[in-house]
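Have a look at the structure below, then the notes.
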Amino acid sequence: MRACEALDFEPAACWRRLQQAKHEFFFEDLDAQMKDNHRRFLEALMGYERECFLNAHPYERSDQRVDQANGFYRRRLTTRLGVVELRVPRSRSGCFHPQVLPRYQRREPVVNEALKQVFLLGVSTRQAGRALATLVEEAVSASTVSAVAKVLDGAVSRWHRRPLADHYRYLILDGVSVRIRLVGQVQRRVALCAYGITGAGKCELIDFLLVKAEAEDTWYGFLWNLWSRGLRGEVLDLIVTDGQAGLVKALGRLWPGVAHQRCWAHKLRNLENKLKASQRSCLEEAKLIYQAQHRTAALQRLREWKRRWRTQAPKAVACLEADLEELLAFFESPGAHWKRVRTTNVIERLFVEVRRRIRTMCAFTTRSSSVPFGLKST
């Protein structure tokens with residue numbers, strides 16, 4: 001028997017059948033034929049594989065035979081074409097297991113991959129199975145989606161342990177708040193994030209770490225892990241942060257000689273908290289400082305802004321002056337890079353999808369459920 005024997009079909013007969021179908025049922029009939037051919041294809045391959053295993057053709061008497069055929073059993077398989085009912089061959093000894101259809105497999109790998117992608121795009125486990133039901137003719141349960149998604153845990157774990165190349169020119173650090181359900185209640189956790197920009201301009205998310213709160217020790221432990229994996233900072237020109245005190249101290253212990261840039265977005269929020277609603281123009285004028293063409297022009301705009309507002313908004317002026325050196329550090333970089341390195345907004349944008357994912361289920365249900373989204377807990 002040849003493996004392709006059962007795959008032959010008459011195109012003319014198939015075409016006559018499709019012509020006889022009504023127009024509105026044309027594609028339904030076409031799908032049914034494709035599914036039937038897919039079933040025949042898999043059954044033919046498994047039948048040929050059993051012949052190779054038995055070392056004999058059906059009903060052939062041979063001294064080379066190693067086992068006896070023992071009929072078939074039925075198994076439902078969810079494929080990209082829908083659910084098919086397969087006749088799976090077996091041997092009398094029970095030692096034959098077709099490689100075409102691994103044991104206990106109920107879905108094609110492409111269906112599992114689709115479930116993972118739908119889950120990662122923000123669809124809850126309950127809705128992911130129903131979302132694919134119209135395509136694969138079977139609604140997958142929430143527990144099945146969770147089981148399929150668990151294979152992501154190993155990939156993310158390896159990603160967290162991968163060696164790091166020391167080629168980052170800019171390092172952007174920030175902590176982002178997320179919600180996780182722990183011991184029956186939703187609690188806040190902070191995802192410490194590291195984002196790097198190489199000398200060639202390539203942007204990369206370096207790593208995450210989920211902790212209870214931002215502090216010097218948690219930041220130092222996170223950064224030390226990056227350092228021990230290869231991020232030594234030999235070519236680092238600038239480190240951008242939101243000014244969190246513990247993070248600044250941790251940086252002083254690891255990379256004390258690297259320039260520090262304070263995030264303008266966070267600083268402007270601080271200024272806004274120190275201004276009245278009627279002083280909105282003060283905030284808008286402060287933005288002109290970092291929009292200057294060079295450092296000298298920025299200092300000139302700062303002096304003008306300070307002269308105009310030091311009487312009306314002294315707290316806002318003092319807040320800005322307190323971190324002036326760090327706020328203007330980005331001017332030492334090439335002008336084409338200024339927009340990227342004067343804020344930590346790039347990390348906020350990365351977490352837009354994560355926050356959208358959390359909104360579908362209020363919070364991550366467990367610590368491990370956050371792993372597929374790049375968050376590893378301590």
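The values are calculated or read from the model by the stated rules, or taken from the named source; none is laboratory data. Keep in mind that what you see is a predicted model, and the values were worked out from it rather than measured. Cβ sites come from the backbone with ideal geometry, for glycine too, and all protein chains shown count toward neighbours.
Details
- Any chance Leu283 is part of a helix (DSSP H, G or I), closer than 29 Å to Leu236 by Cα and either out of contact with any Pro (no Cβ under 7 Å at 6 or more places or on another chain) or without any contact (Cβ under 8 Å) to a residue 12 or more places away in the chain (or both): no
- Qualifying positions in segment 152-170 - assigned to a helix (DSSP H, G or I) and among the hydroxyl-bearing types (Ser, Thr, Tyr): Ser157
- Complete set of residues in segment 34-43 that are farther than 17 Å from Arg103 by Cα and either aromatic (Phe, Trp, Tyr) or in contact with a helix residue (DSSP H, G or I) (Cβ under 9 Å, 6 or more places away or on another chain) (or both): Asn37, Arg40, Phe41
- Annotation: Gln261 fulfils all but one of (1) of a type outside the set (A, V, I, L, M); (2) surrounded by 18 or more Cβ atoms within 10 Å (Cβ to Cβ); (3) modelled with pLDDT under 95; the unmet one is (3).
- Checked against the criterion of being in contact with a Phe, Trp or Tyr (Cβ under 8 Å, 6 or more places away or on another chain), hydrophobic (A, V, I, L, M, F, W, C) and at pLDDT 75 or above, segment 13-25 has no qualifying residue.
- Among the helices (runs of 4 or more DSSP H) confined to segment 289-378, the ones with at least 3 residues that are surrounded by fewer than 18 Cβ atoms within 10 Å (Cβ to Cβ) and at pLDDT below 80 are located at 352-359.
Each row is one residue, and each column tells you yes or no for (1) more than 13 Å from Gly175 (Cβ to Cβ); (2) part of a loop (DSSP other than H, G, I, E, B).
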site	(1), (2)
Ile197	yes, no
Leu209	no, no
Trp219	no, no
Leu226	yes, no
Gly233	yes, yes
Gly246	no, no
Asn270	yes, no
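- Qualifying residues in segment 65-95 (those that are at pLDDT below 80 and in a loop (DSSP other than H, G, I, E, B)) - the one surrounded by the fewest Cβ atoms within 10 Å (Cβ to Cβ): Arg80
- For segment 96-113, filtering for residues that are under 23 Å from Cys52 (Cβ atoms) and either touching a helix residue (DSSP H, G or I) at 6+ places or on another chain (Cβ under 8 Å) or of a type in the set (Val, Ile, Thr) (or both) leaves 5.
- Scanning segment 52-85 for residues that are of a type outside the set (A, V, I, L, M, F, W, C) and under 44 Å from the mean Cα position of the chain (by Cα) yields Tyr73, Arg74, Arg75, Arg76, Thr78, Thr79, Arg80, Gly82, Glu85.
- The residues on offer are Leu173, Leu192, and the sole one that is at pLDDT 90 or above, under 18 Å from Ala245 (Cα atoms), within 17 Å of the chain's Cα centre (by Cα) and assigned to a strand (DSSP E or B) is Leu192.
- Among residues that are touching a strand residue (DSSP E or B) at 6+ places or on another chain (Cβ under 6 Å) and within 16 Å of Leu268 (Cβ to Cβ), Leu327 is included.
- Residue in segment 44-57 that is in contact with a helix residue (DSSP H, G or I) (Cβ under 9 Å, 6 or more places away or on another chain) and more than 30 Å from Glu113 (Cα to Cα) present: yes
- Among the residues making up segment 44-67, those that are of a type outside the set (Asp, Glu) and either over 23 Å from Pro102 (Cβ atoms) or touching a His at 6+ places or on another chain (Cβ under 6 Å) (or both) are Ala56, His57, Pro58, Tyr59, Arg61, Ser62, Gln64, Arg65.
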